[in-house]
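Everything on this sheet refers to the single structure shown next.
Just so it is clear, none of the values below were taken in a lab; they were calculated from the coordinates. From a predicted model like this one, the values you see are computed outputs, not experimental measurements. Cβ placement follows ideal geometry from the backbone for every residue including glycine, while neighbour counts extend to all protein chains displayed.
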Amino acid sequence: MGLEMSELEPVSRRSTAEIVADRIRTAIMRGTFGPGTQLGEVDLAARLGVSRGPLREAMQRLVAEGLLRSERHRGLFVRELGADDVRDVYIARTAVERAAALLVVAGDRSAAARRLTGALAAMEAAARAGDPVALADADHDFHAELVAASGSPRLRRMTDGLLVETRMCLAALQDTGPPAPDLVDEHRVLRDAVRDGDTERLLTRLEAHMNDAVTRILAAMPDVVPAPG
């Protein structure tokens, strides 16, 4: 897949390694750099308009996050996620978002519902436009807003990395994801449960949402044996 310059715009030479890492992270998340892609320092440094020092620091951050892997004498590559990785990403997401949901319900539900309503509106607009990339972005933002509304910076940091890995997992779905209206409805139910303070419904539907995603992703992956039952 070719590079899209809109996703790898030059950054100021005074930019930090964190900003550089964010640009590369976004490119990985959106599929500009697919699984297994080798990332060359010279090319990336030129595209981003930065020296190789900050770039190397940024790439090492992404190695630590698990988005890149380093091969001795070969370089850095975007990680390829297998079935066990998919399951683990969603196990972690379920744990983090469940904890966030409990905090949200115990806190200012009205403010949280307003944040989720904004993300939901973006999902609805993307679904009407038939824009799968915008829909995926809005879905990503919905879950980020849910965790952010918990007020926990640590849960939010964990979620940031997990959502990028989620987008890498979803690359396996291609056209096997749920219809856009169904996806929007699932998130509307989550928003309504937050608004109403219905903890049981929120947790039950959140877990079902995660489990369904795992089932769909694994079904789209080659050489994955379906679970019995």
Under 5 Å, built H, 5+ apart or other chain: amide partners of Gly151: none
Computed lengthening from Glu57 to Ala208, 0.36 nm per intervening residue step minus Cα-Cα distance: 50.5 nm
For the pair Asp196 and Asp84, the simple spin-label estimate (label points 7 Å beyond Cα toward Cβ) gives in nm 4.1
Sorted on mean Cβ neighbours within 10 Å (highest first), peptides 24-31, 178-185, 157-164 come out as 24-31, 157-164, 178-185
Where does the chain land at 222 nm, in deg cm²/dmol rounded to the nearest 500, when only DSSP H runs of n ≥ 4 count, each adding -39500 (n - 2.57), divided by all residues? -22500 deg cm²/dmol
